[in-house]
Amino acid sequence: MNGFKAVCLILIWSFVSTPSWAGSNKIGVQLSKILRKARGPVNALIIMREQTKFEDIDYRLSKEVRGRIVYDRLRQRAMASQTSLITYLEAEKISYKQFHIINAIAVERVFPAQLEALSMREDVGKIVADPPFSRPPLPGVPFPSDDPIGIKTFDFNQSIAAGPGENIRFTQADRVWKELGVRGRGIVIGAQDTGYQFNHPALVEKYRGNLGGQFDHRYAWHDSIRKPVNNKPNKCGYNLKAPCDDDQHGTHTLGTILGGDENLPIGMAPEAQWIGCRNMDGGVGRPSTYIECFEFFLAPYPQGGNALTQGKPELAPHILNNSWGCPKDEGCEGWEMMPVMEALNAAGIMVVVSAGNEGPGCSTISSQPAHFSLLTLTVGALDHRNGKIASFSSRGPSAFDGGLGPHVTAPGVRVYSSIPGNGYSENGWSGTSMAGPHVVGQIALMWSANPKLIGNTAISAELVRKTAAPKVSTENCGSTTAATVPNNAYGFGSIDALASVKAALLN
């Protein structure tokens, strides 16, 4: 298929829909559970009845033009529809934060009687939980290896001395650099995680806030953790004006996307740039902190600024890495980020998500955003040393919509990358959080090789799937059998960066 060319901007009218979930019972399931136990006020996310849809968007338009249309449409809808509710909240002295990437308002310390009154309003579609909660580790903290002997025999120093790491060679990204001369130049990654050590030697030269050794973080960094979410002290603090990684996880995942240089190549797309957002407090987030980072990436705005009026969609990143998931014990219902994914897709921003570490059972892709099988590119983990799916990697079909999952697999067992303190994880980390960044870097190489593909998320995802090396499974999950490709263990197979970049050049 030939690459699309931008056409003249045409007038695009907003479509406003009433979601199917906006029924008579407006209190979400998870919030109802919290209210049954609560003895005082709670935090919640009020989702407005009117949500903007994008079925009419012209996908032949450039990413820049689409991004402006989407941003303007969303913020105009929010400003028009939230005024009455904000007046009520201020009269009730309820602290709030507006969102527009989903038409919603986060509220803090609301009493049950106030929630009941809010649920009676015609302009309110649903009220869901937004709790500070502690939970098990996020997807991607080191998992036990399926190959314990390999840990003892793997010679880290010898592997690096031979050139790019084993995981990079497995994907053939190093051949993209050498044979095609493509290393990710011109592509910006949006990364949301536990934060980042921005001045790590493997990352600092690629940080968009680095202006020749002087740092301007205004449109390159956002912190959605302005107060404690977790029940543990945070070593970085809160409302940070410069990036900091409070749990090592973010620095590791970012290194796999673009880290290192010719002397220590650890990333897939070493000439790409990055901007970042912290969405978790020591590995714990909540719906509003995740949504806030997505909103920043849709149209970056200055620190302390107004997202509704000061966003710059022209500074939006091209691809988003999401090595996290929002489960029910963080308050997520499972559907509330769907409008967010729809907006990002309409804006031409590719959303890549780690599948989760709940395997090996079937339908263990159960947390958003990974379980939106039609709106994200979901990545499972395999061991690149033996080519087998990792036991912990979540399997499909999606527990939300029954769709295929994961879509592809990438190295996710004992992956070597950067960690805070200017160091490197010599023993490697395991998890689908380690796998997803490989695909982010892969798409950066594809879009760098052929800028006409930038913003064409559907075509790009299809190329990633079609060029993957097919992998059959011994597991029967959903409608797929052991011999089926794609299947709900490997998806379409293991990624092949060289094949996908060559395919991108033909479009």
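The values are calculated or read from the model by the stated rules, or taken from the named source; none is laboratory data. All values derive from a computational prediction rather than experimental measurement. For neighbour counting, all protein chains shown are included, and Cβ atoms are generated from backbone atoms with ideal geometry for every residue, glycine included.
The residue of segment 35-48 that is modelled with the lowest pLDDT, among those that are among the aliphatic types (A, V, I, L, M) and surrounded by 18 or more Cβ atoms within 10 Å (Cβ to Cβ), is Val42.
Scanning segment 268-323 for residues that are basic (Lys, Arg) and within 17 Å of Pro339 (Cβ to Cβ) yields no hits at all.
Residues of segment 42-73 that are over 30 Å from Phe111 (Cβ atoms) and in contact with a strand residue (DSSP E or B) (Cβ under 9 Å, 6 or more places away or on another chain): Thr52, Lys53, Phe54, Glu55, Asp56, Val70, Arg73. Looking across segment 69-84, the residues that are farther than 13 Å from Asn345 by Cα and either outside the structural domain of Val29 (by TED's automatic domain parsing) or outside any loop (DSSP other than H, G, I, E, B) (or both) come down to Asp72, Arg73, Leu74, Arg75, Gln76, Arg77, Ala78, Met79, Ala80, Ser81, Thr83, Ser84.
In segment 84-109, the residues that are over 19 Å from Gly311 (Cα atoms) and at pLDDT 95 or above reach residues that are surrounded by fewer than 20 Cβ atoms within 10 Å (Cβ to Cβ) and of a type in the set (Phe, Trp, Tyr) with C-beta atoms within less than 6 angstrom, at least six apart or across chains, in these pairs: Leu89/Tyr96; Val107/Tyr96.
Quick grid of which residues meet (1) free of Cβ contacts under 8 Å to residues at least 40 places away in the same chain; (2) closer than 18 Å to Gly186 by Cα; (3) assigned by TED's automatic domain parsing to the domain that holds Thr251; (4) not in a loop (DSSP other than H, G, I, E, B):
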position	(1), (2), (3), (4)
Phe198	no, no, yes, no
Pro201	no, no, yes, no
Glu205	no, yes, yes, yes
Arg218	no, no, yes, no
His222	no, no, yes, yes
Arg226	yes, no, yes, no
Asn231	no, no, yes, no
Cys236	no, no, yes, no
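For Lys93, the conditions (1) farther than 27 Å from Lys452 by Cα; (2) part of a helix (DSSP H, G or I) are fulfilled apart from (2). Scanning for something part of a loop (DSSP other than H, G, I, E, B) and touching a residue at least 24 places away in the same chain (Cβ under 8 Å), does segment 431-447 turn up at least one residue? Yes, there is a match, as at least one residue in segment 431-447 is part of a loop (DSSP other than H, G, I, E, B) and touching a residue at least 24 places away in the same chain (Cβ under 8 Å). A single member of Gly195, Gly184, Gly163 is at pLDDT 50 or above, in contact with a Gly (Cβ under 9 Å, 6 or more places away or on another chain) and under 21 Å from Ile495 (Cβ atoms), and it is Gly184.
Out of Gly250, Gly190, report the one residue that is touching a Leu at 6+ places or on another chain (Cβ under 7 Å), under 27 Å from Gly348 (Cα atoms), of a type outside the set (A, V, I, L, M) and not in a loop (DSSP other than H, G, I, E, B). Lay out the reasoning, then the answer.
On the way: Gly250 fails: touching a Leu at 6+ places or on another chain (Cβ under 7 Å).
On inspection, the qualifying residue turns out to be Gly190.
Against the condition modelled with pLDDT of 95 or more and β-branched (Val, Ile, Thr), how does Thr474 come out, does it pass? Outline the logic, then answer.
Working: modelled with pLDDT of 95 or more: no; β-branched (Val, Ile, Thr): yes.
No; evaluated as a whole, the condition is false for this residue.
Going by the structure shown, is Asn263 free of Cβ contacts under 8 Å to residues at least 40 places away in the same chain and assigned by TED's automatic domain parsing to the domain that holds Asn427? Let's see the steps before the verdict.
On the way: free of Cβ contacts under 8 Å to residues at least 40 places away in the same chain: yes; assigned by TED's automatic domain parsing to the domain that holds Asn427: yes.
Here the answer is yes, as Asn263 does meet what is asked.
Results for (1) crowded, with 16+ Cβ neighbours inside 10 Å; (2) under 28 Å from the mean Cα position of the chain (by Cα); (3) within 26 Å of Ile69 (Cα to Cα), shown as yes or no for each residue.
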site	(1), (2), (3)
Ala80	no, no, yes
Thr87	no, no, no
Tyr96	yes, yes, no
His100	yes, yes, yes
Ala106	yes, yes, yes
Leu115	yes, no, no
Glu122	no, no, no
Ile127	yes, yes, no
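Restricting attention to segment 255-270, does a residue exist that is within 22 Å of Tyr71 (Cβ to Cβ) and not polar (S, T, N, Q)? Walk me through how you get there before you give the answer.
Here is the first cut: in segment 255-270, the residues within 22 Å of Tyr71 (Cβ to Cβ) are none.
Taking every residue of segment 255-270 in turn, none turns out to be within 22 Å of Tyr71 (Cβ to Cβ) and not polar (S, T, N, Q).
Taking the conditions (1) part of a loop (DSSP other than H, G, I, E, B); (2) touching a Gly at 6+ places or on another chain (Cβ under 6 Å); (3) farther than 23 Å from Val42 by Cβ in turn, Phe297 satisfies each one other than (1).
Of the residues making up segment 213-236, those that are modelled with pLDDT of 95 or more and of a type in the set (Gly, Ala, Ser) are Ala220, Ser224. Put simply, of Leu375, Leu344 the only residue that is within 12 Å of the chain's Cα centre (by Cα) and either part of a loop (DSSP other than H, G, I, E, B) or modelled with pLDDT under 95 (or both) is Leu375. Against the conditions (1) closer than 29 Å to Asp72 by Cα; (2) under 15 Å from the mean Cα position of the chain (by Cα); (3) not in a helix (DSSP H, G or I), Trp335 satisfies every one except (2). Inspect segment 414-426 for any residue being crowded, with 24+ Cβ neighbours inside 10 Å, of a type in the set (A, V, I, L, M, F, W, C) and free of Cβ contacts under 8 Å to residues at least 40 places away in the same chain and give the result as yes or no. No, segment 414-426 contains no residue that is crowded, with 24+ Cβ neighbours inside 10 Å, of a type in the set (A, V, I, L, M, F, W, C) and free of Cβ contacts under 8 Å to residues at least 40 places away in the same chain. Taking Ala399 as the residue in question, decide whether it is in the same structural domain as Ile257 (by TED's automatic domain parsing), more than 9 Å from Ala489 (Cα to Cα) and in a strand (DSSP E or B). In short, no.
Can you tell me how many residues in segment 236-259 are small (Gly, Ala, Ser), farther than 16 Å from Thr289 by Cα and surrounded by fewer than 24 Cβ atoms within 10 Å (Cβ to Cβ)? Looking only at that region, the number is 1.
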